[in-house]
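Peer 1: Quick one: structure below, then a few questions.
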Protein chains: 2
Amino acid sequence: MNPIGELNLTQRILMGPGPSDVHPRVLRAMSSPCIGHLDPEFIGIMNDVQQLLRYVFQTTNRLTFPISATGSAGMEACMVNVLEPGDHVVIGVNGVFGMRMSDIAERIGCEVTKIEVEWGRVIEPEQVQKAVNAKATKLVAVVHAETSTGAHQPLEDISKIARDAGALFMVDMVTSLCGTEVRLDDWHIDLAYSGTQKCMSCPPGLSPISFSERAMETLRNRKTKVQSWYLDVTMVEKYWTDGDRAYHHTAPINMNYAIREALRIVQEEGLEARWARHQRNHQALAAGLSAIGVELSAQEGHRLPMLNAVKIPEGVNDARVRSALLKEFSIEIGGGLGAGKGKVWRIGLMGESSCRHHVLYLLTALEILLTAEGVSLTKGAGVSAASEVYGVA
Amino acid sequence: MNPIGELNLTQRILMGPGPSDVHPRVLRAMSSPCIGHLDPEFIGIMNDVQQLLRYVFQTTNRLTFPISATGSAGMEACMVNVLEPGDHVVIGVNGVFGMRMSDIAERIGCEVTKIEVEWGRVIEPEQVQKAVNAKATKLVAVVHAETSTGAHQPLEDISKIARDAGALFMVDMVTSLCGTEVRLDDWHIDLAYSGTQKCMSCPPGLSPISFSERAMETLRNRKTKVQSWYLDVTMVEKYWTDGDRAYHHTAPINMNYAIREALRIVQEEGLEARWARHQRNHQALAAGLSAIGVELSAQEGHRLPMLNAVKIPEGVNDARVRSALLKEFSIEIGGGLGAGKGKVWRIGLMGESSCRHHVLYLLTALEILLTAEGVSLTKGAGVSAASEVYGVA
């Protein structure tokens, strides 16, 4: 075979549905020399990561650590550990990730009640109440931040309904964690999972999970073995938390350097300040987009700050604009997924990517490209509207 | 919580069972800025990685790519994709990783025939012949390089027996790939998986797998869905190989930069030269160890070049010596696993760690520490014996 050349990448501005821009400190930490997965210094790193994850999840859950794979493996880990064949589960399906949860539950052999609502809308508590009333339920699951639609799911009412029905409450926090308010303990969430490449601004490769004591009890009372060896947290837990740190699998060492540094940056900024920053940049972007005739598509009052799904303006060529954004401006935004394909763009403002210069640059680029597509707009209107939100107009 | 301090690691010399030392080029490539998992430039990286993996596996298998998790997930991926409940499998168990394969097969609901032999010994073809004669068999599996014992499993005879019996042949190549001869196609291996942190000298985090056309056919003819969503290669394959690169999960971007660079280094050295280097450093280490009274423990004639399991000399304190190696010399070697706990050390010479200065430094350190433990030895004998193998004595 011919020799493969040196890695030579174009610098991108990541404004898609993740990954987001990674801080140079994270890249630097990640490229520290590899050490062993049982080295006392690595054990120290594992302890730091767990402590920092408890902070960002706002939990005291003992079982809080990253699964050694990406976000979807965290979803699967949560489900295979507490569910057994025949269990009834209630899943809110308002986008791709609710569908994915249903798929996994079916592979486990569960009976799945899907609460299906239009993409972009949130699941209503009454719908969950009705579903758990109809049949004894082991688990209720929803997606906090539906990355495919931009919908921001309220959690507290559904949590209470699940708890009152004796069900566990699982929440997909892949895109919400570190970008909007998350309070595992206050909100009585039993199982949560996330990813590193969204509002944590760490490269993809790990999936933080957290299990409540109720979830752990369910796990301890299983009748069958967990179907996945790799994701069996009773074994992974021994490596992450026990005194003797029994070998299970080789953890992705350098990825753990990276998540530690990314979480340190979150800690330095402070969670509340970080949530507020995400909200502010979202408001500026929304104002700017609106001023150039681009409308958000998720349900009003339930829009995510870090994932802005917008309707592609009529007559505009989806692929041509996204391709020009990438080639001419080096900006990545996301296309639609599933039902949203060809209809929406997904503009991410996650972690390091949630910043004023990205918002203003994207508005500038979009103004140029939409004009070329024949959209009639007032020059400079987008940047002006966003600048007003920033107080620099 | 208190702020967590800056990452501050001691530089180690990695001579355990993996991870191995990582070349600075790999760390540098890995720390390139993150780009999107659907970016055309990332698709190019995926193509390079697949091409390089086909080279190191010596295969033309289309399905040859890294699973987005560590080596054990590759083991699980191979098994869950071709096995269904009720299938009969024959597994060679001569160490920890044969046990792990059995555990996974049982979780799938397979009927497992274990060929158990003493740890450190290899599985004999006659044993496999007997097992497949006894019952129709879906899969025969063995470990090429048993990292827990140092045994080097011959594959060709067993492959023929499996094929003649109509069974698929699966081989664990976590520790062998890039360190000793591996020829997937010539040896008719249907399923193989590996890890990045052994003889490839890349940080842990990915698990290269390869499926033959026979394995793909078995997958296509399944009656049930693959039990794992994350590891279902019919879906992952679409992301890695199809024209439209359908989103499945977010690949660990920077880890793929790393494996690409690590494989580029393998390509530059050449596989045959790399295998020969591993063999030479093993011979030097073995000669040096023997000269200071430390004996290899795996079956003679079947010893791995990259993983040297040795009997801990009588009267020597396992933990004290390994701890002193780490603290005083910054050398990591591995302790025993399972049946080998407290009885053997596992000395890795993998990838970048397979080099003359590591061999000579370890022999020097061991001489000092074993003398302190009361072992009687001739000063300088280890280094002399090794130097003779190198032709520098």
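Peer 1: What single numbered condition from (1) in a loop (DSSP other than H, G, I, E, B); (2) facing chain A (nearest Cβ under 8 Å); (3) of a type in the set (S, T, N, Q) fails to hold for B:Thr59?
Peer 2: Exception for B:Thr59: condition (2).
Peer 1: Would you please list the contacts, defined by Cβ atoms under 7 Å and residues six or more apart or on different chains, that run from a residue in region B:306-319 that is touching a residue at least 12 places away in the same chain (Cβ under 8 Å) to a residue that is in a strand (DSSP E or B) and of a type in the set (Lys, Arg)?
Peer 2: From region B:306-319, the pairs are B:Leu307/B:Arg346; B:Ala309/B:Arg346.
Peer 1: Starting from residues that are in contact with a Lys or Arg (Cβ under 9 Å, 6 or more places away or on another chain) and under 12 Å from B:Ala365 (Cβ atoms), keep the ones in region B:329-344 and report whichever is surrounded by the fewest Cβ atoms within 10 Å (Cβ to Cβ). Reasoning before the result, please.
Peer 2: As a first pass, look at region B:329-344 and keep what is in contact with a Lys or Arg (Cβ under 9 Å, 6 or more places away or on another chain): B:330-337, B:340, B:343-344.
Add one more test, that the residue is under 12 Å from B:Ala365 (Cβ atoms), and what stays is B:330-333.
Working: B:Ser330: 15, B:Ile331: 21, B:Glu332: 22, B:Ile333: 23.
Of everything passing the filter in region B:329-344, B:Ser330 is surrounded by the fewest Cβ atoms within 10 Å (Cβ to Cβ).
Peer 1: Could you list, in sequence order, the residues of region A:273-302 that are touching a Leu at 6+ places or on another chain (Cβ under 6 Å) and surrounded by fewer than 21 Cβ atoms within 10 Å (Cβ to Cβ)?
Peer 2: A:Gly293
Peer 1: If you take the residues of region B:26-54 that are touching a helix residue (DSSP H, G or I) at 6+ places or on another chain (Cβ under 8 Å) and assigned to a loop (DSSP other than H, G, I, E, B), which of them is surrounded by the fewest Cβ atoms within 10 Å (Cβ to Cβ)?
Peer 2: B:Pro33
Peer 1: Here is a follow-up. Taking region B:6-36, which residues are over 15 Å from B:His358 (Cβ atoms) and within 27 Å of the chain's Cα centre (by Cα)?
Peer 2: Filtering region B:6-36 for residues over 15 Å from B:His358 (Cβ atoms) gives B:6-10, B:24-36.
Answer for region B:6-36, where residues must be over 15 Å from B:His358 (Cβ atoms) and within 27 Å of the chain's Cα centre (by Cα): B:Leu9, B:Thr10, B:Pro24, B:Arg25, B:Val26, B:Leu27, B:Arg28, B:Ala29, B:Met30, B:Ser31, B:Ser32.
Peer 1: Here is a list of conditions, (1) touching a Leu at 6+ places or on another chain (Cβ under 7 Å); (2) not in a strand (DSSP E or B), and B:Pro66 meets all of them except one; can you say which number that is?
Peer 2: The number of the failed condition is (2).
Peer 1: Which numbered condition in (1) in the same structural domain as A:Pro204 (by TED's automatic domain parsing); (2) surrounded by fewer than 24 Cβ atoms within 10 Å (Cβ to Cβ) is the only one that A:Gly5 fails?
Peer 2: Of (1) in the same structural domain as A:Pro204 (by TED's automatic domain parsing); (2) surrounded by fewer than 24 Cβ atoms within 10 Å (Cβ to Cβ), only one is false for A:Gly5: (1).
Peer 1: Filter region A:296-312 for residues that are over 15 Å from A:Gly340 (Cβ atoms) and not small (Gly, Ala, Ser) and give the result.
Peer 2: Going through region A:296-312, the residues over 15 Å from A:Gly340 (Cβ atoms) turn out to be A:300-302, A:305-306.
Selection gives A:Glu300, A:His302, A:Pro305, A:Met306.
Peer 1: Just need a number here: residues in region B:11-30 that are out of contact with any Phe, Trp or Tyr (no Cβ under 8 Å at 6 or more places or on another chain) and closer than 21 Å to A:Pro24 by Cα. Please lay out each step first, then the result.
Peer 2: Restricting attention to region B:11-30, the residues satisfying the condition of being out of contact with any Phe, Trp or Tyr (no Cβ under 8 Å at 6 or more places or on another chain) are B:11-12, B:14-28.
Those still in the list that are closer than 21 Å to A:Pro24 by Cα too: B:22-28.
Selection size over region B:11-30: 7.
Peer 1: Here is a follow-up. Out of all the residues in region A:167-183, which are closer than 26 Å to A:Arg346 by Cα and part of a loop (DSSP other than H, G, I, E, B)? Before the answer, list the steps.
Peer 2: Filtering region A:167-183 for residues closer than 26 Å to A:Arg346 by Cα gives A:170-183.
Correct list: A:Met173, A:Val174, A:Thr175, A:Ser176, A:Leu177, A:Cys178, A:Gly179, A:Thr180, A:Glu181, A:Val182, A:Arg183.
Peer 1: Run down A:Ala151, A:Ala192, A:Ala165 and say which single residue is surrounded by fewer than 24 Cβ atoms within 10 Å (Cβ to Cβ) and either farther than 21 Å from A:Arg303 by Cα or not assigned by TED's automatic domain parsing to the domain that holds A:Gln299 (or both). Let's see the steps before the verdict.
Peer 2: Numbers: A:Ala151 fails: surrounded by fewer than 24 Cβ atoms within 10 Å (Cβ to Cβ); A:Ala192 fails: surrounded by fewer than 24 Cβ atoms within 10 Å (Cβ to Cβ).
Result of the check over A:Ala151, A:Ala192, A:Ala165: A:Ala165.
Peer 1: Kindly list, by first and then second residue, each pair from a residue in region B:253-266 that is under 14 Å from A:Met255 (Cα atoms) to a residue that is of a type in the set (S, T, N, Q) and surrounded by fewer than 24 Cβ atoms within 10 Å (Cβ to Cβ), limited to pairs with Cβ atoms under 7 Å and residues at least 6 apart or on different chains.
Peer 2: Going by the 7 Å Cβ cut-off, the qualifying pairs are B:Tyr257/B:Ser32.
Peer 1: Look at region A:30-56 and say how many of its residues are free of Cβ contacts under 8 Å to residues at least 60 places away in the same chain, in contact with a Lys or Arg (Cβ under 8 Å, 6 or more places away or on another chain) and closer than 22 Å to A:Ser201 by Cα.
Peer 2: 1
Peer 1: So, of the residues in region A:195-220 that are among the hydroxyl-bearing types (Ser, Thr, Tyr) and crowded, with 24+ Cβ neighbours inside 10 Å, which turns out to be farthest from the chain's Cα centre (by Cα)?
Peer 2: Initial filter on region A:195-220 (among the hydroxyl-bearing types (Ser, Thr, Tyr)): A:196, A:201, A:207, A:210, A:212, A:218.
Those still in the list that are crowded, with 24+ Cβ neighbours inside 10 Å too: A:196, A:201, A:207, A:210.
Numbers: A:Thr196: 8, A:Ser201: 11, A:Ser207: 10, A:Ser210: 14 Å.
For region A:195-220, the residue satisfying everything is A:Ser210.
Peer 1: Say whether the condition of being buried (at least 21 other Cβ atoms within 10 Å of the Cβ) and over 27 Å from B:Thr196 (Cα atoms) is met by at least one residue in region B:375-382.
Peer 2: Pass one, region B:375-382, residues buried (at least 21 other Cβ atoms within 10 Å of the Cβ): B:382.
From what is left, the residues that are over 27 Å from B:Thr196 (Cα atoms) are B:382.
Yes, because at least one residue in region B:375-382 is buried (at least 21 other Cβ atoms within 10 Å of the Cβ) and over 27 Å from B:Thr196 (Cα atoms).
Peer 1: Oh, and also: State all residues of region B:62-91 that are more than 11 Å from every other protein chain (Cβ to nearest Cβ) and either on the phi > 0 side of the Ramachandran plot or buried (at least 24 other Cβ atoms within 10 Å of the Cβ) (or both); if no residue qualifies, say none. Give the derivation first.
Peer 2: Start the filter on region B:62-91 by keeping residues that are more than 11 Å from every other protein chain (Cβ to nearest Cβ), which leaves B:62-66, B:78, B:81-84, B:86-91.
Listed by number, the residues that qualify are B:Thr64, B:Phe65, B:Pro66, B:Cys78, B:Asn81, B:Val82, B:Leu83, B:Gly86, B:Val89, B:Val90, B:Ile91.
Peer 1: Scan region A:247-270 residue by residue and report those that are part of a helix (DSSP H, G or I) and either among the hydrophobic types (A, V, I, L, M, F, W, C) or away from every other protein chain (no Cβ under 14 Å) (or both). Show your work before the answer.
Peer 2: Pass one, region A:247-270, residues part of a helix (DSSP H, G or I): A:253-269.
Listed by number, the residues that qualify are A:Ile253, A:Met255, A:Ala258, A:Ile259, A:Ala262, A:Leu263, A:Ile265, A:Val266.
Peer 1: Of the conditions (1) assigned to a helix (DSSP H, G or I); (2) facing chain A (nearest Cβ under 10 Å), B:Ala273 fails just one. Which one is it?
Peer 2: (2)
Peer 1: Go through region B:100-148 and count every residue that is polar (S, T, N, Q), under 14 Å from B:Val171 (Cα atoms) and crowded, with 23+ Cβ neighbours inside 10 Å.
Peer 2: Of the residues in region B:100-148, the ones polar (S, T, N, Q) are B:102, B:113, B:127, B:129, B:133, B:137, B:147-148.
After this cut, where a residue has to be under 14 Å from B:Val171 (Cα atoms) as well, the list is B:102, B:147.
Filter once more, keeping what is crowded, with 23+ Cβ neighbours inside 10 Å: B:147.
The number of residues fulfilling the criteria is 1.
Peer 1: Pairs needed: first member in region A:100-122, in contact (Cβ under 8 Å) with a residue 12 or more places away in the chain and facing chain B (nearest Cβ under 9 Å); second member anywhere, charged (D, E, K, R) and surrounded by 20 or more Cβ atoms within 10 Å (Cβ to Cβ); C-beta distance under 6 Å; at least 6 residues apart or different chains.
Peer 2: A:Ile104/A:Glu76
Peer 1: Among the residues of region B:243-272 satisfying the criterion of being under 19 Å from the mean Cα position of the chain (by Cα) and among the polar types (S, T, N, Q), which is surrounded by the most Cβ atoms within 10 Å (Cβ to Cβ)?
Peer 2: Checked region B:243-272; the qualifying residue surrounded by the most Cβ atoms within 10 Å (Cβ to Cβ) is B:Asn256.
Peer 1: Restricting the search to region B:1-25, which residues are hydrophobic (A, V, I, L, M, F, W, C) and touching a Ser or Thr at 6+ places or on another chain (Cβ under 7 Å)? Quick ask: steps written out before the conclusion?
Peer 2: Applying the first criterion (hydrophobic (A, V, I, L, M, F, W, C)) to region B:1-25 yields B:1, B:4, B:7, B:9, B:13-15, B:22.
Selection gives B:Leu7, B:Leu9, B:Ile13, B:Leu14, B:Met15, B:Val22.
The values are calculated or read from the model by the stated rules, or taken from the named source; none is laboratory data. Fair warning: this is a prediction, and the values are worked out from it, not measured in the lab. Neighbour counts are summed over all protein chains in view; Cβ atoms, including those assigned to glycine, are modelled from backbone coordinates with ideal geometry.
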